[in-house]
Amino acid sequence: MIANSKFLRKSAFLLVLISSFLSALQLFSQNTETLTITTYYPSPTGVYQNLRLFPIAAAQAPICNTDQEGTMYYNNDAGQKQLMVCRETAVGVYGWQAVGASFWTQTGNDLYPNDTTTPWEVGIGTTSPARELHIANNVSAEMVLEQSNAKTDYKRWNFVVDGGDPATESNFYIRQLNDTGTNGNIPLYINGATGVVGIGTTNPQAKLDVNSTTSGFLPPRMNTTQRSAISPLVAGMVIYNTDSTNKRLELYNGSSWVGVGGTLKCVTVSKHCPTSSPCTATCDAGYTLTGGGIYTYYGSNVDMNRPISDTTWQVHDIDQYNHPNSIFYAYARCCKIE
């Protein structure tokens, strides 16, 4: 009887040992499980030293929505290997994002905000950007554009806001930088206080100062037809007329186009008008109309006396035939620079 009792006790102990071993084996053999840590189940010391998430592929990640916000998993995809969290990436939009990432997404060489519908304003050196990109600096705000595969040494362009009185204005200029960052030419300069613009100079002496010892200034080039189509016309406009009969620099004086420089040559062109219909006098090729008028004898009812183009003057006398000896002429005053 005593022997049987000992046997039963040993058998029970062995069963407990086997059961514990099987439970432990099952624990280590399972793939994953969900662990929820709340303040109701703290560790014995109140601190968890290590927490390991079982690595899975992104394709195996659970659904991310408003109910799962804050859920995490470890992305085991090649090239990723990072902790992911379910979060609101845009208003009302939820998705997986790397822990520590911002509202920006990088795909290859592209970097863009997750929410492309919001008018983003990015500040560098400022917490109150006024435009899509706002760069601020108390001394000099600069931006560099570079063509990295350019063969020339000066392949960088430096955009700079600098100089002047920081309390009232700043100057803007564009300059070249070589491979070592040494400053090069400044082809464009704008003075913030006066608004003067310098091309090839940082000390412009007029509203526009073009400085060069190797090249010239080239105004717009066009023919007479193209020149006549300019609208609106403003006194002081300058063009170079490419017509074979002109080939000259021309200035609009507020009423007509005139040649610039040379000797002024003027002629009067008259036209006899044998009928009472409107009559015109037209300048020869290369001449510009500067005035005109009407001459009548025994006529007194002039109802038209005007220029109708840069080269033509038009007149009309409706009483021309009231007298058998009436004479009716139109004339145009035409000038050109030779």
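The values are calculated or read from the model by the stated rules, or taken from the named source; none is laboratory data. These numbers come from a predicted model, not from an experiment. Backbone-built Cβ (ideal geometry, glycine too); neighbour counts: all protein chains shown. Just so you know, the surface numbers come from the protein's heavy atoms only, side chains and all, with ligands and any DNA or RNA stripped out. Shrake-Rupley method; radii C 1.70, N 1.55, O 1.52, S 1.80 Å.
Here are some notes:
- ILE327 paired with ALA59, simple spin-label distance in nm, labels 7 Å along Cα-to-beta-carbon: 10.5 nm
- Burial ranking of peptide ranges 228-240, 86-98 (average Cβ count within 10 Å, highest at the top): 86-98, 228-240
- Segment ARG52-TYR74, extension gain: residue separation times 0.36 nm, minus the distance between their alpha carbons: 7.0 nm
- Measuring only protein heavy atoms, the 1.4 Å probe finds LYS207 accessible over about 140 Å².
- Highest-first packing order for the peptide set 174-180, 329-335, 308-314, 247-253 is 329-335, 308-314, 247-253, 174-180, based on the mean count of other beta carbon atoms within 10 Å.
- Alpha-carbon centroid distance for the pair the range 131-150 / the range 235-253, whole angstrom: 41 Å
- Summing Lys and Arg as +1 and Asp and Glu as -1 over all other residues whose Cβ lies under 11 Å from the Cβ of TYR94 gives a net charge of -2.
- Ratio of Rg to Rh for the range 134-293: 1.20 [Cα atoms; Kirkwood radius as inverse mean 1/r over pairs].
- Amide H within-cut-off set for THR89, under 5 Å, with H built and near neighbours excluded: TYR94, GLY95
- Charge tally for GLN68 (other residues, Cβ to Cβ under 13 Å; Lys, Arg +1; Asp, Glu -1): -2.
- Split the accessible area of the range 106-261 by element, probe 1.4 Å, and carbon with sulfur accounts for 52%.
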